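What follows is a short report on a single structure.
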Amino acid sequence: MPSSKERCGISRSPLRGPGMTDFRAKRAPSIPGRSIHPVADAKLSPLTGREKRRGVRVNSRVPIAVEWHAGGEVLRKEAQTRVVGPYGCMVVLPTNLEVKQTIELTNMVSKQTNSAVIVWRGLERAEGWELGIELIDPQMGFWGLDL
């Protein structure tokens, strides 16, 4: 005869609480005569979204300076990153730069500078334009984070 704890749904297992089910023991039912076979002429779909990413990206506010040439002079704006990765970052800059424009990006914390290029321009926000920046030959540890 089951104990009062078992009748109330309280498990004797120290790993499971009342009403919890052990799903490890359950398996998907198999259908006799059916198995998974690769498709002979299958074509890979183009890479999309995260599949194209070359590295981890993290939300991080790193103070940066962006310098570029315009009209024979060097212009400079300071901002903060929104997202960083080993190969670049996303920033909101008060100046609208063109895609493919080369810049110098300086991490204001470490004082390291790296050449970069604008690869994406997003929405205009109250504080400026969203810009995707790709580092050219990135230095390991440029952001001072484990990426």
> What are the residues in segment 117-137 that are in contact (Cβ under 8 Å) with a residue 40 or more places away in the chain and under 17 Å from K100 (Cα atoms), if any?
Replying inline: E130, L131, G132, I133, E134, L135
>> Can you tell me which condition V74 does not meet? The list is (1) modelled with pLDDT under 95; (2) of a type in the set (V, I, T); (3) part of a strand (DSSP E or B), and all the others hold.
In response: (1)
> Looking at segment 106-147, which of the residues that are at positive phi and of a type in the set (G, A, S) is surrounded by the most Cβ atoms within 10 Å (Cβ to Cβ)?
Replying inline: G128
>> For segment 104-116, which positions are without any contact (Cβ under 8 Å) to a residue 24 or more places away in the chain and not β-branched (V, I, T)?
In response: K111, S115
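When the residues of segment 59-71 are filtered to those that are in a strand (DSSP E or B) and among the aliphatic types (A, V, I, L, M), which remaining residue is nearest to I118 (Cα to Cα)?
Within segment 59-71, the match that is nearest to I118 (Cα to Cα) is V66.
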> modelled with pLDDT under 90 and buried (at least 16 other Cβ atoms within 10 Å of the Cβ), is that true of S60?
Replying inline: yes
>> Name the single residue that is farthest from H69 (Cα to Cα) among those in segment 80-105 being buried (at least 17 other Cβ atoms within 10 Å of the Cβ) and among the β-branched types (V, I, T).
In response: V84
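The values are calculated or read from the model by the stated rules, or taken from the named source; none is laboratory data. Nothing here was measured: the structure is a model prediction, and the numbers come from that model. As a convention, Cβ positions derive from the backbone with ideal geometry for all residues, glycine included, and neighbour counts pool all protein chains shown.
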